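A.B. asks: Could you have a look at this structure, given as structure tokens, before my questions?
What follows draws every value from the coordinates through simple rules; no lab data is involved. Note that the structure is predicted; figures quoted are calculated from it, not measured. Here the Cβ is made from the backbone with ideal geometry for all residues, glycine too, and neighbour counts use every protein chain on show.
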Amino acid sequence: MPSFPTTHLGFPPAQQAQIIRANQRDLFHVSSLREQTDTVLRSWLGTRRLTRWDKEVDAFVKLLYYGLTIGRATQTLGEEYTDIWQYSSKRGKLPPSTRRRALLIILSVFPAYALAKLGSNMSLNQMYPELGTWLRRIQKTLSITTEVNLALFYLRGTYYDPIKRILGIQQLSSFPENPHTRPPSYSLLGVMIGIRLVYRLVQELKPSLWPNSTVTQANDDSTSGSMNAFLDDRPISQVIKSQSLEDAPVVPAEDDEGTALDVASISEDPSPVQELHPVLGGKDG
């Protein structure tokens, strides 16, 4: 497809609802392709081998789907469903250049695959504990970055994907704007995500900014522990903290305070068999 300058594109930007529906549709088709691929590979390799190569299969399916759509400069099935197109906002090209499309596919697949692969390698994490710590930090940073980008998308309506924001790839709509209708606004969702991010930031900085708050929280925990619920005459917290049945020594029934049986009275009263035996013996005589 030929490239056009931004001023000559003549198409309105895609609406937020179109972008969200396109992304949901793509996720649905990727999941469907993954299920079909698992069915075929399971019949060839078996469940055990398929589980071992689970992350590689997931990366292969995503590369196949996005390679046959974005890689060939065509619409994804989700974009085709909502009738939107990708274009480079920095260069004004429709579609984006081959290099940007390749980077979009690579950055969408391989970083997540590498983090999942390294994070699941228990032997590597045991040999290098610092590696596991850094992987958790990277995953947490990426999660926060995704939430910040999502809040900005709901507020401003562009760049649903943080990778597309970095590469400057936006979407155009082939539907002309209707001046008599107002598109739905998702600003409230962006504000709510922003409030949640601020709350998480305060919780992270709370120990360093207010050291006394940890002492207060510990006192609150002790107070709540004193008002704990009881099971019979023992607090539930004490029952939970007690030793498990396997580790505890065996206690005779007559010495067990938790039994509901009166062992002493049972041992003192004669059994029905003992009472009936003399009677039966007298009849026989």
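A.B. asks: Normalise the Cα radius of gyration of segment 29-95 by 2.2 N^0.38 Å (N = residues in it) and let me know the number.
C.D. replies: 1.44
A.B. asks: How many times 2.2 N^0.38 Å is the alpha carbon radius of gyration of segment 99-199?
C.D. replies: 1.43
A.B. asks: What distance in nm separates the two pseudo spin-label positions at residue 45 and residue 142, each 7 Å out from Cα along the beta-carbon direction?
C.D. replies: Roughly 2.1 nm, to one decimal.
A.B. asks: Another question, if that's okay. Treating only the Cβ atoms of Lys and Arg (+1) and Asp and Glu (-1) as charged, compute the dipole magnitude of segment 6-179 about its Cα centre; round to the nearest 20 debye. Before the final figure, lay out each step's value.
C.D. replies: Values: 23 positive and 13 negative charges, 106 e Å.
Result for segment 6-179 is approximately 500 debye, rounded to the nearest 20.
A.B. asks: Compute the Rg to Rh ratio over segment 6-179 from the alpha carbon atoms, using the Kirkwood formula for Rh, and round to two decimal places. Mind dumping the intermediate values first?
C.D. replies: Details: Rg = 18.5 Å, Rh = 18.0 Å.
Radius of gyration relative to Kirkwood radius: 1.03.
A.B. asks: Further question: Going by C-beta contacts inside 10 Å, put 146, 98 in order with the fewest on the left.
C.D. replies: The fewest-first ordering by Cβ neighbours comes to 98, 146.
A.B. asks: Mind jotting down the distance between the C-alpha centroids of segment 145-193 and segment 71-93, whole Å?
C.D. replies: 15 Å
A.B. asks: Next question, about the same structure. Sequence gap at least 6, Cα distance under 8 Å: using those rules, report the relative contact order of segment 132-209 to the nearest whole percent.
C.D. replies: Contact order relative to length: 35 percent.
A.B. asks: Taking the Cβ-Cβ separation of residue 166 and residue 191 as r and a Förster radius of 30 Å, what is the calculated FRET efficiency to the nearest 0.05?
C.D. replies: 0.80
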